[in-house]
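Engineer: Here's a structure for you.
The values are calculated or read from the model by the stated rules, or taken from the named source; none is laboratory data. Since this is a predicted model, take the numbers as computed values, not measurements. For neighbour counting, all protein chains shown are included, and Cβ atoms are generated from backbone atoms with ideal geometry for every residue, glycine included. Calculation scope for accessible area: heavy atoms of the full protein, side chains included, ligands and nucleic acids excluded. Shrake-Rupley method; radii C 1.70, N 1.55, O 1.52, S 1.80 Å.
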Amino acid sequence: PPPKNNLKLNVDAHSLSDGHWGLGLILRKDDGRCLGAATRVRLGTDCVVLAEALGVQEALKFIKQHHLHNVIIETDSEILARAIRRRSSPRTAWGRVVRECVDFLDTNSDISVCWVKRDDGFSIGPSIYLFHPSSVKKHAFFSALGGERDTRGLLRNHQERWQ
């Protein structure tokens, strides 16, 4: 869990077998309770760092959309977290995404991005399969605003907003 009075937003990108990337977000309170989750499926890229960067970018959009404060974003991409922390962005597609993320972070000092080593097999990635349009199961969970929603409806709403 994050420090007291903070939220933690875990972000992960996961390559799907059909050439797409699944991006997953899980938001937790300081007591460890899950406040919500969101997913997005995007056309694939052969660059893992770009996929992870897009995941962090989606996390920042999620934070802005839900007016969240005191959020620690965790990613398992060390190179991405280092680039954001150092405010350095290479001349690559993922470097452009880093610049956009840094711009947002510079104006929102209560939001941070850090690297977490996930060598214990933990990842949000496999849960993406639950939300892929071709394999969506009917699940209910709590959104960041605390209301229970049906996964199919939530996925449809996010796809409409994120296209």
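Engineer: So who's got an amide H within less than 5 Å of the one on Val113, skipping anything under 5 residues away but keeping other chains? H placed 1.01 Å off N, in plane.
Structural biologist: Ile73
Engineer: Within the range 27-87, report the trypsin sites (Lys or Arg not before Pro) that DSSP leaves as loop and that have at most 15 other Cβ atoms within 10 Å.
Structural biologist: Sparse-neighbourhood loop trypsin sites (Lys or Arg not before Pro): Lys29, Arg33, Arg87.
Engineer: May I ask you to compute the full-extension gain from Lys4 to Arg96, defined as 0.36 nm times their residue separation minus their alpha-carbon distance, rounded to one decimal in nm?
Structural biologist: 29.8 nm
Engineer: Here is a follow-up. Which distance in nm do the two modelled labels at Ser109 and Glu78 give, with both placed 7 Å along the Cα-to-Cβ direction?
Structural biologist: In this crude spin-label approximation the distance works out to 3.0 nm.
Engineer: Separate question: Using a Förster distance of 35 angstrom, determine the FRET efficiency expected from the C-beta separation of Val116 and Asp18, and round it to 0.05.
Structural biologist: Once rounded, the FRET efficiency stands at 0.80.
Engineer: Which one, Ala93, Leu50, Ile73, is farthest towards the positive end of the dipole of the range 42-105 when Lys and Arg carry +1 and Asp and Glu -1 on their Cβ?
Structural biologist: Ala93
Engineer: Give a residue-ordered list of calculated ³J(HN,Hα) values for the range 37-47 (Karplus: 6.51 cos²θ - 1.76 cosθ + 1.60, θ = phi - 60°; whole Hz; x for Gly, Pro).
Structural biologist: Once rounded to whole Hz, the list reads 8, 8, 9, 8, 10, 10, 4, x, 9, 8, 9.
Engineer: Report in % the part of the accessible area of the range 1-58 that belongs to carbon and sulfur, leaving out ligands and nucleic acids; probe 1.4 Å.
Structural biologist: The C+S portion of the solvent-accessible surface of the range 1-58 is 52 percent.
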